[in-house]
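The structure appears right after this line, and notes come after that.
The values are calculated or read from the model by the stated rules, or taken from the named source; none is laboratory data. Predicted model, so just to flag it, every value in this text is computed and none were measured. Because the Cβ atoms are built from the backbone with ideal geometry, glycine has one as well, and the counts that use them run over all protein chains shown. These accessible areas exclude ligands, DNA and RNA; they are computed on the full protein's heavy atoms, side chains included. Shrake-Rupley method; radii C 1.70, N 1.55, O 1.52, S 1.80 Å.
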Amino acid sequence: MGSENLAYALTQVVHNFGAAFALGGAVFALWPIPRPEFARVFVRLICLAWGAQIASGILFGLTSLYYYGETPDLSSVAIAALAIKVAAAISGFLLAAGYLIRGREWNRVSVRRTFQSLAALAAIALTAAAFLRWFS
Ligand code: HEM
């Protein structure tokens, strides 16, 4: 019981900070004023944050498999919420990685739209997280 709770709690720590960086990093790059000079630093952190979300999300499932031999039996609402989170996390990771690879060629408007999209994806994932939690 102790080790199981510890495993979930440590996974949740990574997952919570990943969520905070994914949304906070994108918002901070845009508000109160856009900071294009720091865009690459922020995107690197945001890319790491989305990667952490995917890794810790998988770890949640693996922890359940290890301790119970199966993943939780989810309702259809929870499955939809999880699918939205996975889609948001993959899109956020690819968008941030795309910026890191090709972003030097993008103009200011494209850079601003990238950060707006990253913030929107994080907000969608956080909203889905609440439905996953309470409709499980
Ligand atoms: C591959 C992607 C993801 C997977 C597989 C995943 C999976 C999970 C799982 C299994 C839980 C525990 C649910 C429960 O307590 O019943 C959880 C919680 C949570 N996830 Fe994710 N997640 C993913 C992406 C994200 C993203 C991108 C965000 C936000 C940016 C996010 C935010 C949260 C939050 C805030 C919680 C805690 C909810 C609560 O206990 O109230 N997740 N996630």
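Given the alpha-carbon gyration tensor of the range 1-66, what are the semi-axes of its equivalent ellipsoid in whole angstrom, ordered largest first, with each equal to the square root of 5 times an eigenvalue?
Working: eigenvalues 192, 21, 9 Å².
Calculated on Cα positions only, the semi-axes equal 31, 10, 7 Å.
Using Cα pairs under 8 angstrom and six or more residues apart, how large is the relative contact order of the chain, in percent? Display every interim value, and only then the final one.
Details: 145 pairs, mean separation 47.0, N = 136.
Normalised by residue count, the contact order of the chain is 35 percent.
Using only Cα atoms and rounding to the nearest 10 degrees, what angle (0 to 90) does helix 2-30 make with the longest principal axis of the chain?
It is inclined by approximately 20 degrees.
Leaving ligands, DNA and RNA out of it, report the carbon-plus-sulfur percent of the accessible area of the range 1-124 at a 1.4 Å probe. All intermediate terms of the calculation are to be shown ahead of the outcome.
Working: 5270 of 7540 Å².
Whole-percent figure for carbon plus sulfur exposure: 70.
Can you give the three extents of the C-alpha atoms in the range 37-96 along their principal axes, from longest to shortest, in whole Å?
48, 24, 12
Go ahead and set up a Gaussian network model of the chain, Cα springs under 10 Å, then flag whichever of 114, 71, 11 fluctuates most.
Checking each option, the largest mean-square fluctuation is seen for 71.
Roughly how many debye, to the nearest 20, is the charge dipole of the chain about its Cα centre, given +1 on each Lys and Arg Cβ, -1 on each Asp and Glu Cβ, and no other charges?
On the way: 10 positive and 5 negative charges, 154 e Å.
That gives a dipole near 740 debye.
How much accessible area per residue does the range 11-60 have, counting only protein heavy atoms and a probe of 1.4 Å, in square angstrom? Each step should come with its number before you reach the end.
Details: 2730 Å² over 50 residues.
Dividing the accessible area of the range 11-60 by its residue count gives 55 Å².
What is the angle, in °, between the Cα long axis of helix 39-68 and the longest principal axis of the Cα atoms in the chain? Nearest 10 is fine, range 0 to 90.
Computed tilt is about 10 degrees.
Hey, could you pull the Cα Rg and Dmax for the range 86-136, both in Å?
13.3, 44
Quick one: give the max-minus-min coordinate of the C-alpha atoms of the chain along each principal axis, largest first, in Å.
50, 29, 26
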